[in-house]
């Protein structure tokens, strides 16, 4: 069993380069990673022990801009899932997953704010 879990992942472009912004849980804490999307895909297809080492070495403390970016996209995803659920009367599984992701991101954001006040 791996010691890490991806919480949120989004692709974005900078100067025509396809990058990824990832928030992940590792060793009972939350971290961020900004990396070329193709490199991320390559690493994620490697054995788990290599992925863990790579994540540990490349992890960064989550900043408020990044968590805000992920929250905005999670809120948009929840809105989209609600509209899809209402229009198609489909299972609420995707909506529940989107809402859980948003709640976790908001919790991480609160923790970041509390830590910045304490320090």
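The values are calculated or read from the model by the stated rules, or taken from the named source; none is laboratory data. Please read these numbers as outputs of a predicted model, since none were measured by experiment. FYI the Cβ positions are ideal-geometry reconstructions off the backbone, even for glycines, and counts take in every protein chain you see.
Hey, any hits in the stretch 27-42 for a residue that's assigned to a helix (DSSP H, G or I), exposed (fewer than 13 other Cβ atoms within 10 Å of the Cβ) and within 16 Å of the chain's Cα centre (by Cα)?
The answer is yes, given that some residue of the stretch 27-42 is assigned to a helix (DSSP H, G or I), exposed (fewer than 13 other Cβ atoms within 10 Å of the Cβ) and within 16 Å of the chain's Cα centre (by Cα).
Name the pairs: first residue in the stretch 27-44 and closer than 15 Å to residue 8 by Cβ, second residue loosely packed, with under 13 Cβ neighbours inside 10 Å and at pLDDT 95 or above, Cβ to Cβ under 6 Å, at least 6 apart or on different chains?
Every condition considered, the pairs that remain are 32/60.
Here is a check on your reading of the model: is residue 97 at pLDDT 95 or above, assigned to a helix (DSSP H, G or I) and surrounded by fewer than 16 Cβ atoms within 10 Å (Cβ to Cβ)?
no
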